[in-house]
Amino acid sequence: MAKALNQTGLVSTWHDDVQQHLRKISLCPKILSYDSCVSCPVKRFPSLKLKSQAVRSPSSSSSELYGKKLVFHESARVPGRGKSLSPSSSAAQMTLGIGKAQKWWETGLQPNMREVTSAQDLVDSLLNAGDKLVVVDFFSPGCGGCRALHPKICQLAEMNPDVQFLQVNYEEHKSMCYSLNVHVLPFFRFYRGAHGRLCSFSCTNATIKKFKDALAKHTPDRCSLGPTKGLEEKELLALSANKDLSFTYIPKPDEVMHEAPAQTAPPGSQPLPLTSLNPKSCEVHKERSLSTAGR
């Protein structure tokens, strides 16, 4: 059998490999000296010892090589992904993902739709609208009817780009809505030019026809002869008296009623004394004038 192996060259090949490996070990520096124990294959072959140390995966391990320190770090890896993520970065990404969640009243908004930020913003938006039709939408994030109606309001806003839609969040502006006598949601008010408030009503998804009819009625172009009115005088006074709002309003001075010019009496006649509009005084004056004529 040995003769057959020698003929095939298997024994000689194994012997040459062992001799070559021993020559490599003799060339290693003294710092990589190994134990004299022959029974342990790791201690017998230093190259295997280095490989075993490199294969280990502790959190941090070090080995001295030529006076230099090598440190191996282990990073947490997400299963199924090639990139490693630290706990801090993963937490930041989770926070960003939660912050990007869009609110239902912000979905589907059109360029002619925006949310009111304050009472002053509402008043200025109505005054600056001119002859444009303005629809004020009072809603609440927790109102199921408001949420169901919101997609249809967005569709109507897209179909009527010349109409301005103002959204008032009831939860953020409770005090302002109380001053405007808004206690039912969803609630809508239509304003236009010098006419001021055109109509106000509450409707749901089932009664959307009421909103469509009001929109069709007040959408046609109209020309206002006077200045834009906006909110009513009593509403402005109520907003100004509300201590929770930073809104001030100075009432306009009452218009002075001009008296009608006095009629001139014909020449040679004495002017009659002025009488009030009381019917009794008028009858008394009539009787006196008849008695004087009878004399």
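The values are calculated or read from the model by the stated rules, or taken from the named source; none is laboratory data. None of the values given here were measured: they were computed from a predicted structure. As a convention, Cβ positions derive from the backbone with ideal geometry for all residues, glycine included, and neighbour counts pool all protein chains shown.
For SER281, the conditions (1) at pLDDT 75 or above; (2) outside the structural domain of ASP121 (by TED's automatic domain parsing); (3) over 29 Å from CYS146 (Cβ atoms); (4) surrounded by 10 or more Cβ atoms within 10 Å (Cβ to Cβ) are fulfilled apart from (1). Number of residues in the stretch 230-255 that are among the aliphatic types (A, V, I, L, M), closer than 25 Å to LEU198 by Cβ and loosely packed, with under 15 Cβ neighbours inside 10 Å equals 1.
Only one entry of SER118, SER125 meets the criterion of being in contact with a strand residue (DSSP E or B) (Cβ under 9 Å, 6 or more places away or on another chain), farther than 21 Å from LYS212 by Cβ and not basic (Lys, Arg), and that entry is SER125. The residue that is surrounded by the fewest Cβ atoms within 10 Å (Cβ to Cβ), among those in the stretch 174-202 that are touching a residue at least 24 places away in the same chain (Cβ under 8 Å) and of a type in the set (D, E, K, R), is ARG197.
Here's the yes/no breakdown for (1) within 22 Å of PRO186 (Cβ to Cβ); (2) at pLDDT below 95:
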site: LEU96; (1), (2): no, yes
site: LYS103; (1), (2): yes, yes
site: PRO111; (1), (2): yes, no
site: VAL116; (1), (2): yes, no
site: GLY130; (1), (2): no, yes
site: VAL135; (1), (2): yes, no
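The set of residues from the stretch 136-173 being within 21 Å of VAL123 (Cβ to Cβ) and touching a residue at least 40 places away in the same chain (Cβ under 8 Å) comprises VAL136, ASP137, PHE138, PHE139, VAL163, GLN164, PHE165, LEU166, GLN167, VAL168, ASN169, HIS173. The condition (being at pLDDT below 95, under 15 Å from ALA129 (Cα atoms), touching a helix residue (DSSP H, G or I) at 6+ places or on another chain (Cβ under 7 Å) and not basic (Lys, Arg)) is satisfied by just one residue among LEU166, LEU198, LEU225, LEU231: LEU225.
Screening SER125 against (1) more than 26 Å from LEU225 (Cα to Cα); (2) of a type in the set (Ser, Thr, Tyr); (3) without any contact (Cβ under 8 Å) to a residue 60 or more places away in the chain leaves a single unmet condition, (1).
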